[in-house]
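Notes to accompany the following structure.
Computed from the coordinates by the stated procedures, all read-outs in this text should not be read as laboratory data. In this text the structure is predicted, and so the values were computed from the model without any measurement. Virtual Cβ from ideal backbone geometry, glycine too; neighbours counted across all protein chains shown.
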Amino acid sequence: MLKNVGLIDRSLRFLLALLLIWLGLIFMKGIEGNVWGILVSLSSLLPLYMVITRSCFVFHWFNIHTLSKKEILRFGDPKK
């Protein structure tokens, strides 16, 4: 699988996923059964998937990446 998400981007996506989980389950009372809260917390699965796989399908469409030079040496250049 093509890796095109760098360390800083992964960190921000992980924080976004945690925020969505908190908003959905706690703030919007998804843990008590509120449908909107459950949907918001489920939307955190997409950024979590991108954190785990280090790949973003939108970046792939536009042929961009957020890898540092060190990460490019480790994983290869995603533009090739």
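Here the range 6-53 is the region considered, the condition is being without any contact (Cβ under 8 Å) to a residue 24 or more places away in the chain and among the small types (Gly, Ala, Ser), and the residue that is farthest from GLU71 (Cα to Cα) is GLY33. The residues on offer are ARG54, ARG74, and the sole one that is on the phi > 0 side of the Ramachandran plot and among the basic types (Lys, Arg) is ARG54. Counting just the residues of the range 9-28 that are aromatic (Phe, Trp, Tyr) and more than 13 Å from LEU42 (Cα to Cα), which one comes out surrounded by the fewest Cβ atoms within 10 Å (Cβ to Cβ)? So, considering only residues that are aromatic (Phe, Trp, Tyr) and more than 13 Å from LEU42 (Cα to Cα), the one surrounded by the fewest Cβ atoms within 10 Å (Cβ to Cβ) is PHE27.
The residues of the range 1-53 that are hydroxyl-bearing (Ser, Thr, Tyr) and closer than 30 Å to GLY76 by Cβ, listed by number, are SER11, SER44, TYR49, THR53. I need the full set of residues from the range 29-74 which are surrounded by fewer than 14 Cβ atoms within 10 Å (Cβ to Cβ), part of a loop (DSSP other than H, G, I, E, B) and of a type in the set (A, V, I, L, M), in order please. Hit for the range 29-74 is ILE64, nothing else. Taken together, the residues in the range 54-69 that are free of Cβ contacts under 8 Å to residues at least 24 places away in the same chain and under 20 Å from ARG13 (Cα atoms) amount to 5.
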